[in-house]
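Everything below concerns the one structure shown next.
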């Protein structure tokens, strides 16, 4: 019987896998350039999809590594709130309480955005500063439910099958939405395949070691399924159903490649300083870029100001707040890392610990 090296992160001294910061940087560049140069369907839409897959991957790895520990729910939600709420509610305050933005508060009531349910209504006529927040609503709804699902299933195998079920269900939900005259683009049930693809990949990284012969087979199957779906995209209804699924599977392969080949020459580009820089400032850049694009006389100027403001936000606002994570979360004991078995229930100990800044 042979043993393999377990799949573990080789983070930098800040606790982040450099390649994933680079992928986050690719996603925000796609979104900003796509919106600035009117290439939404070519760049911006897939960029948002990449954010969903990456978020599902990171969050599920964190949850799988901490399920069974004391304060599982309180620690997770406290850390999520510290990362997302301060900047988000600051921007909501600027949008609703200052004269910088003029729009109908009755048509876009603040409570929808405060409760993260704004994606249930159309934001097409919303001010640009609020127009990008639908994706945050989807992620917050996912964060609300997914920890409970993992806690109840308490098995990597069952979590993996749950992810597969969500991937399969999302195209069907999109078809149902379209048949009832509803655009599923910003609907949570219509975007679950992206988040679930990341979640499924997280399960794979917990159960299949690096350098395992199974990895190559999985990549071939995943890319094969993604390619098989492409011819179906020429049919209007099937395109609406499977386009996001095909894109999500491709991005899942990209993130999986970054994880399993971390530190190698094949992932050197993902570790570049430029991509990692944009990955760090991506949250603020995502929230403000669309508003600046509509206000600035040129795309280059809007992207430059977005980058400058997001950089200032990261170093002077977001990063200092993130330092409070360890103070506001509880750790009752330090356990040595262990490797999860595919068939086993999730252990109490923390395993494959990572730090998420998404």
* Enumeration of residues in the range 121-170 that are at negative phi and either in a loop (DSSP other than H, G, I, E, B) or in contact with a strand residue (DSSP E or B) (Cβ under 7 Å, 6 or more places away or on another chain) (or both) -> 121, 122, 123, 124, 125, 126, 127, 132, 133, 155
* Among 88, 96, which is the only one that is in contact with a helix residue (DSSP H, G or I) (Cβ under 9 Å, 6 or more places away or on another chain), touching a residue at least 60 places away in the same chain (Cβ under 8 Å) and in a helix (DSSP H, G or I)? -> 88
* Would you mind stating whether residue 147 is surrounded by 14 or more Cβ atoms within 10 Å (Cβ to Cβ), more than 20 Å from the chain's Cα centre (by Cα) and in contact (Cβ under 8 Å) with a residue 24 or more places away in the chain? => no
* Structure fact -> Output for Cβ contacts, cut-off 8 Å, separation at least six or different chains, first residue in contact (Cβ under 8 Å) with a residue 40 or more places away in the chain in the range 38-55, second crowded, with 24+ Cβ neighbours inside 10 Å and not in a helix (DSSP H, G or I), reads 52/191
* Filter pass, residue 290 being at pLDDT 95 or above, farther than 30 Å from residue 89 by Cβ, surrounded by 20 or more Cβ atoms within 10 Å (Cβ to Cβ) and under 23 Å from the mean Cα position of the chain (by Cα) -> no
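Might you check whether a residue that is more than 30 Å from residue 207 (Cβ to Cβ), in contact with a helix residue (DSSP H, G or I) (Cβ under 9 Å, 6 or more places away or on another chain) and without any contact (Cβ under 8 Å) to a residue 40 or more places away in the chain occurs anywhere in the range 152-162? Please lay out each step first, then the result.
Quick first cut of the range 152-162, residues more than 30 Å from residue 207 (Cβ to Cβ) only: none.
Within the range 152-162 (the criterion being more than 30 Å from residue 207 (Cβ to Cβ), in contact with a helix residue (DSSP H, G or I) (Cβ under 9 Å, 6 or more places away or on another chain) and without any contact (Cβ under 8 Å) to a residue 40 or more places away in the chain), the answer is no, since none of the residues qualifies.
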* Asked: Within the range 253-269, is there a residue that is closer than 23 Å to residue 191 by Cβ and not in a helix (DSSP H, G or I)?
  -> no
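The values are calculated or read from the model by the stated rules, or taken from the named source; none is laboratory data. Note that the structure is a prediction, hence the values are computed from the model and not measured. Cβ atoms come from the backbone with ideal geometry, glycine included; neighbour counts cover every protein chain shown.
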